[in-house]
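The values are calculated or read from the model by the stated rules, or taken from the named source; none is laboratory data. Every value quoted in this text rests on a predicted model; they were computed, and no experiment measured them. Neighbour counts run over all protein chains shown; Cβ positions are idealised from the backbone, glycine included.
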Amino acid sequence: MELNMKIYHGSQYIIEKPEFGKGKVYNDNGLGFYCTQDIELAKEWGCDNGLDEFANCYNLNTENLKILNLNDKKYTILSWLTLLIKNRTFRITNELAKSAKQFLFEHYNVDISSYDVIIGYRADDSYFAFAEDFLNNSISLPRLEKAMKL
C-alpha cells in the first residue's frame, strides 16, 4: 500500500477539507467520505443534473491508518456484496433472496467499525442493479464479478 495516496472526491462543491459525517448514510459502506484514485471517476460522481462538477484532490497519508482492502485475495465479491446489503436498501423479491441475504450475513460479513479506509468495488446505481439482480437470483456470480470489473 502506498504511504501517500493522491485521491479525488467528486462533488458539486469545492471541499477544501474533508469532513466525516456529511454524506449519505445509505451509501455502499455507510456514512463516509467517498474518494477514488481516478480523477475521471470523481468527475462522474460529482456531475448531477447538468451542474458543474469538481474533482477535489487530496493527499492521504496512510501511515497510521487501518485499511480494509476488499480487493485483497482473502476477500471475495461476496464480502463486498454483504457490506452493500447492510448499507443500501434492496428489493427482495422472494424467499430464496431472503435466504441468500441471511447466508451472506452469516458467512461473508466483515466488521468495518475499526477501519479508517475501505478499498473496494463501487456500487453507483447501475452497478447496484447488478448486485440486486444477483441477490434475487437473476444473474450468476461470474456475471456479477464481470459487471463489477467494468
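Within the set of pairs 6+ apart or on separate chains, which have a first residue in segment 1-19 that is over 23 Å from ASN64 (Cα atoms), a second that is aromatic (Phe, Trp, Tyr) and surrounded by fewer than 10 Cβ atoms within 10 Å (Cβ to Cβ), and C-beta atoms under 8 Å apart?
none
Kindly indicate which of ASN59, ASN4 is at pLDDT 90 or above, in contact with a Lys or Arg (Cβ under 7 Å, 6 or more places away or on another chain) and not small (Gly, Ala, Ser).
The unique qualifying residue is ASN59.
Of everything in segment 2-20, what is of a type in the set (A, V, I, L, M, F, W, C) and either exposed (fewer than 10 other Cβ atoms within 10 Å of the Cβ) or touching an Asp or Glu at 6+ places or on another chain (Cβ under 8 Å) (or both)? Give them in sequence order. First the steps, then the outcome.
Just the residues of segment 2-20 that are of a type in the set (A, V, I, L, M, F, W, C), to begin with: 3, 5, 7, 14-15, 20.
Once the filter is applied, which keeps residues that are of a type in the set (A, V, I, L, M, F, W, C) and either exposed (fewer than 10 other Cβ atoms within 10 Å of the Cβ) or touching an Asp or Glu at 6+ places or on another chain (Cβ under 8 Å) (or both), segment 2-20 yields LEU3, ILE14, PHE20.
Is there a residue in segment 139-146 that is surrounded by 12 or more Cβ atoms within 10 Å (Cβ to Cβ), among the β-branched types (Val, Ile, Thr) and without any contact (Cβ under 8 Å) to a residue 12 or more places away in the chain?
yes
Between PHE128, PHE103, PHE90, which is free of Cβ contacts under 8 Å to residues at least 12 places away in the same chain and within 18 Å of LEU144 (Cβ to Cβ)? So that I can check it myself, show each step before the final result.
Numbers: PHE128 fails: free of Cβ contacts under 8 Å to residues at least 12 places away in the same chain; PHE90 fails: free of Cβ contacts under 8 Å to residues at least 12 places away in the same chain.
The match here is PHE103.
Right, ALA97: of a type in the set (Gly, Ala, Ser) and in contact (Cβ under 8 Å) with a residue 12 or more places away in the chain or not?
So ALA97 fits the description; yes.
Please tell me if ALA42 is over 15 Å from the mean Cα position of the chain (by Cα) and surrounded by 14 or more Cβ atoms within 10 Å (Cβ to Cβ).
Numbers: over 15 Å from the mean Cα position of the chain (by Cα): no; surrounded by 14 or more Cβ atoms within 10 Å (Cβ to Cβ): yes.
Answer is no for this residue.
Considering only segment 86-96, state which residues are under 12 Å from ALA131 (Cα atoms) and surrounded by 12 or more Cβ atoms within 10 Å (Cβ to Cβ). Reasoning before the result, please.
Here is the first cut: in segment 86-96, the ones under 12 Å from ALA131 (Cα atoms) are 88-92.
ARG88, PHE90, ILE92, listed by residue number.
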